[in-house]
Amino acid sequence: MSLPEPFRLAAFVLGILSFVGLNAAYLVWVEPNGAGRFQRRPGPTEAGPAGLLQPIADALKLMSKQLIVPPGVDATLFRTAPVLVMIPALVGLAVIPFSEKLVALDVNFGLLLVFALGSINVIAVMLAAWSSRNKYAIIAAARVVSQNIAYEIPMLLVVITVILSSGTLNLNEIVRQQEGWFWNWNAFKVWVNPLAPFTFLIFFTCMLAETNRAPFDMAEAESELVAGAYTEYSSMGFGVFFMAEYANILLGCAIGTVLFLGGWQSPIGMFSGAIWFLLKMYFLVFTVVWIRWTFPRTQFYGLLNLSWKILIPVSLFTLLLSSAMLKLL
Amino acid sequence: MKPIREFFSGLKSLFIGMGITLRQFFKPTITLQYPHESLKMPKRFRGHIELVRDQETGRPLCYACTLCQKACPSDCIMLEGAKMEGEKKKSVTKYVLDFTKCSLCGACVEVCPDDCIQFSNQYNLACLSKDEYLVELFKMLEDESRSDGFPPWPKPPAPGVADNKAAPASARSGPPSATTPVQNPGTPRPATEKPEEKPS
């Protein structure tokens, strides 16, 4: 694979755009089907075989509707927010190594890039809510900000434990260090960090909170806040937020796979490749759906208590422990 | 120690909950795709009434005694009977249930002396117009018998000369007793009450 640089770039831009788009669209299909199976229903079945045309029908319906910009909203920000919300997923996937060779941008600061851009998601939701000039949206904005501050901290703390032990920010290098059988994955490397499985759990919990997924979907909270931050959005404006939710879940699961589950490394130490990366990533995506349909939404103080009283102390402790282990061993 | 114990028991309960939902995930779905398939009602479901068929001839057991019509509190049964050629007993020739008025009380089934009507299992009863709720129970049974391969039923003598013409009270023009002769259930009518024009 040695295409000249402009072609390589174009191929990856196209590839990532279509990967994100298709995944976002078909995770919208996976969600109701998963929900259905968890409740012993078949899910959507009418549009196409096994309801496979449902996302296309949904998209057509959304596009045929009027994009209403209500009077009194900050029109510029109102229109910018749906564009911004897709950015983390689109740019973040550029540095994700799908396999050893299949990575758009093999840079040394990959991890930093993902987490720096990941915060745009929060800003976008906050802008959407703020510019809507709607009381429900404002409450959602306040919740989004406090929730994301609370969960960014433990997430970055557990990521730092991984960076400490691997000594690099290059995602491909981090995956390469997890070579071998599955106990070499960062989530199971207990001889480097005795609390390794917990760091993975903390990361996954924070990922759920960062992407505003149930049981932490405080920004949307349809039973309390109509549609939270998206209350005033109609047509494809809402559709983009909807897709971005899944695109960001995809990115979160990709990062989780790379950092903790050995990325493209196979669990048996041979035949590594993109297929393993995709399998692990989609398993995490399935777990996200699984969690949503298992647990009810937490209350807001419960959410903050979980972060400040449990996740942050535990992740600080794991950070101390793993750095001590690094020094001693 | 207590908060740590609580933390671990809480964490454990999360995994237990996920285990339960995962088990449900792999069980077969129990949805019935309603417009495409519908539930079979149990035998004792009390739908609207239907005529009971004589298992040998495929004809209705009903001999138009009109007791059900009289028992009906909301006048929703309308039936006619006639004597078929070469038969001693009368038999029903028309049986219409006005389902818009029927409250499914079952008084008609209760009163029927020979169990000639029963509750059907029908429950898909939404219609587009009021006329469709006039359920032609006799025609329904006739069609059903024909499709089950029974010989065609004997035709009633001639239109307008039916033995016993009965209509719900609301449709009656004269005094009720004039048009609906009282009849002993289970016994053939006396010859004296028969109309003058006999079927040829």
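Coordinate-derived values only; no laboratory data. The model shown is predicted, which means the values in this text are computed figures rather than measured ones. Note: ideal-geometry Cβ built from the backbone for every residue, glycine included; neighbour counts use all protein chains shown.
What does the C-alpha gyration tensor say about the overall shape of region A:265-329? Classify as rounded when a/c is under 1.5, otherwise prolate if a/b is larger than b/c, or oblate. Oblate is the answer for region A:265-329, as a/c is 1.5 or above yet b/c matches or exceeds a/b. Net charge of the neighbourhood of B:G106, taken over other residues with C-beta under 12 Å away and scored Lys/Arg +1, Asp/Glu -1, is +1. Working note: Karplus 6.51/-1.76/1.60 with θ = phi - 60° gives region B:144-155 the couplings 5, 5, 5, 6, 8, x, 7, x, x, 6, x, 7 Hz, where Gly and Pro are set to x.
Where does the charge balance sit around A:S272 when Lys and Arg score +1, Asp and Glu -1, over other residues with C-beta under 15 Å from its C-beta?
Details: positive: A:K101, A:R176, A:K280; negative: A:E100, A:E173, A:E179.
Result for the local shell: 0.
For the peptides B:43-50, A:198-205, the ranking by packing is A:198-205, B:43-50, with the highest mean count of neighbouring Cβ atoms within 10 Å listed first.
Straight Cα distances below 23 angstrom link B:K101 to the lysines B:K70, B:K130, B:K139, B:K165, with same-chain residues fewer than 8 positions distant left out.
When the dipole is taken about the Cα centre of the protein assembly as shown, and only Lys, Arg (+1) and Asp, Glu (-1) are charged at their Cβ, what size is it in debye, to the nearest 20? Let's see the in-between values first.
Details: 46 positive and 41 negative charges, 199 e Å.
It comes to approximately 960 debye.
Taking a straight line from the alpha carbon of A:K309, these lysines sit under 24 Å away, with near neighbours fewer than eight places off in the same chain left out: B:K2, B:K12. Positive-end ranking of B:F8, A:A35, A:F7 along the dipole of the protein assembly as shown, with charges on Cβ about the Cα centre, is headed by B:F8. Think of region A:74-328 as a dipole: +1 on every Lys or Arg Cβ, -1 on every Asp or Glu Cβ, centred on the Cα centre; then among A:G237, A:V107, A:I153, A:I153 lies furthest on the positive end. Across chain A, the relative contact order, built from alpha-carbon pairs under 8 Å that are at least six residues apart, equals 25 percent.
Net charge of the neighbourhood of A:P82, taken over other residues with C-beta under 15 Å away and scored Lys/Arg +1, Asp/Glu -1, is -2.
How would the protein assembly as shown be classified by its alpha-carbon gyration tensor: rounded, prolate or oblate, with rounded meaning a/c under 1.5 and the a/b versus b/c comparison settling the rest?
Here the protein assembly as shown falls in the prolate category.
Here's the picture: charge each Lys and Arg Cβ at +1 and each Asp and Glu Cβ at -1 in the protein assembly as shown, and of B:M41, A:M86, A:I255 the one pushed furthest to the positive end of that dipole is A:I255.
A helix-only calculation puts chain A at -21500 deg cm²/dmol for mean residue ellipticity at 222 nm, using -39500 (n - 2.57) for each DSSP H run of at least four residues, averaged over all residues.
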